[in-house]
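So the structure is just underneath, and the comments pick up after that.
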Amino acid sequence: MAGQLHFGLDTFGDVTVDADGNTLSHAQVIRNVVAEAELADRLGVDAFGIGEHHREDFAVSAPEVVLAAIASRTERILLGTAVTVLSSDDPIRVYERFATLDALSHGRAEITLGRGSFTESFPLFGYDLADYERLFTEKLDLFAAVRQEQSFSWEGTVRAPLENADVYPKTESGSFPTWIGVGGTPESVIRAARYRFGLMLAIIGGDPERFVPYAELYRRGLDELGSPPLPIGVHSPGFIADTDDAARELLFPYFKPQRDRIGRERGWPPVTREQFESEVSHGAVFAGSPETVAAKIARTARALGLDRFDLKYSNGAMPHEHLMHTIELYGTEVIPRVRELLTD
């Protein structure tokens, strides 16, 4: 690892239930997300990320607005996205919104850009899925031009050209940290290196160590481009409880319906209990006691040479109280244990 490992928490703002199993309103879920971020800040977690979705089972469609509310109630935690779907947004407006967030938070904004693993935003905002790759490629190029915070010209096929354009507000530091979320294609890894953006590996299934070649490819790409080292992070789902058994028993009833719902949309078979147990034991689900989760994070961090690990702590409709407990255990027990393991 290039330096000390940093720790984040990510949520998609999953619509949750109360203690009696009643579905909460989108409004209450959003307020709960703010409370979860406040707790993470108090516990010393380094970063908090919110995903963007435009569907019934997720409450957050405007992460920047929620992050701005969090900024006013926190002091030190980095505030970012997991991810911003750049393909169906306007890169200039995206930059302006995050530059504004950076001002409100006194320089604590960051962003993770991606094509998105969900596609509901494309028809909603009038984009053709047939243009999926072209939209992301060109808009990422435009975002990179805007990020320089200087007058620029740009031309592509997805919007009118720009000549000597400038974007405001300017940030006090000259920009904010930018990551590219990568699901596992070499082309995306090379793209992140070419733009000198951080690499955030979204590992949601299988052994995390299978992503070692992507981390190595990214480092080689930066080296060949003459770029200094840039951070590599991992975003993976997980849940922490007092014991391994408790974590598995609490998580599975919420994990399975969400994965099955997504699976039906993508043609995946239903998740079995055996598959869930395998993902927890050897795969990408970081669930268990603080000791178990810390050991798994440390192994992954060593194998990939990570600078950052983000735990996606929201998994389906699990009640807010359980989410708050997992955040507490992450901040008070998991993070110190990982740091201790990595210094051995």
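The requirement of being within 14 Å of the chain's Cα centre (by Cα), surrounded by fewer than 21 Cβ atoms within 10 Å (Cβ to Cβ) and on the phi < 0 side of the Ramachandran plot is not satisfied by D89.
Scanning the stretch 1-52 for residues that are assigned to a strand (DSSP E or B) and open to solvent by 50 Å² or more (accessible area, probe 1.4 Å) yields H6, T23. Residues to consider are V182, V212; find the one that is more than 22 Å from F12 (Cα to Cα) and of a type in the set (V, I, T). Going through V182, V212 in turn, the sole match is V212.
Could you tell me whether the stretch 261-271 includes any residue that is in contact with a helix residue (DSSP H, G or I) (Cβ under 9 Å, 6 or more places away or on another chain) and buried (at least 18 other Cβ atoms within 10 Å of the Cβ)? Yes, there is a match, as at least one residue in the stretch 261-271 is in contact with a helix residue (DSSP H, G or I) (Cβ under 9 Å, 6 or more places away or on another chain) and buried (at least 18 other Cβ atoms within 10 Å of the Cβ). Residues in the stretch 105-122 that are modelled with pLDDT of 95 or more and open to solvent by 30 Å² or more (accessible area, probe 1.4 Å): H106, G107. Once the stretch 124-136 is narrowed to residues that are touching a residue at least 24 places away in the same chain (Cβ under 8 Å) and open to solvent by 20 Å² or more (accessible area, probe 1.4 Å), the residue that is nearest to E96 (Cα to Cα) is F125.
Would you kindly identify the helices (runs of 4 or more DSSP H) lying entirely within the stretch 67-152 that contain at least 2 residues that are farther than 19 Å from A202 by Cα and of a type in the set (G, A, S)? Reasoning before the result, please.
Details: elements: 91-104, 121-124, 132-147.
The helices (runs of 4 or more DSSP H) meeting that bar are 91-104, 132-147.
In the stretch 169-186, how many residues are modelled with pLDDT under 95 and within 15 Å of the chain's Cα centre (by Cα)? Count: 2.
Is there a residue being β-branched (V, I, T) and under 21 Å from L142 (Cβ atoms) anywhere in the stretch 226-247?
No, the stretch 226-247 has no match at all.
Scanning the stretch 198-229 for residues that are without any contact (Cβ under 8 Å) to a residue 60 or more places away in the chain, hydrophobic (A, V, I, L, M, F, W, C) and open to solvent by less than 50 Å² (accessible area, probe 1.4 Å) gives L199, L217, L222. Could you list, ordered by first residue, the pairs with Cβ atoms under 9 Å in which the first is in the stretch 154-180 and of a type in the set (D, E, K, R) and the second is part of a loop (DSSP other than H, G, I, E, B) and modelled with pLDDT under 95, at least 6 apart or interchain? No pair meets every condition.
In the set (1) surrounded by fewer than 21 Cβ atoms within 10 Å (Cβ to Cβ); (2) more than 12 Å from V234 (Cα to Cα); (3) in contact (Cβ under 8 Å) with a residue 24 or more places away in the chain, V338 fails one condition alone, (1).
If the condition is being open to solvent by less than 20 Å² (accessible area, probe 1.4 Å) and among the acidic types (D, E), then the stretch 293-334 contributes only D310.
The values are calculated or read from the model by the stated rules, or taken from the named source; none is laboratory data. Keep in mind that what you see is a predicted model, and the values were worked out from it rather than measured. Don't worry about glycine lacking a Cβ; one is built from the backbone with ideal geometry, like all the others, and counts go over all protein chains shown. SASA here: full protein model, heavy atoms, side chains in, ligands and nucleic acids out. Shrake-Rupley method; radii C 1.70, N 1.55, O 1.52, S 1.80 Å.
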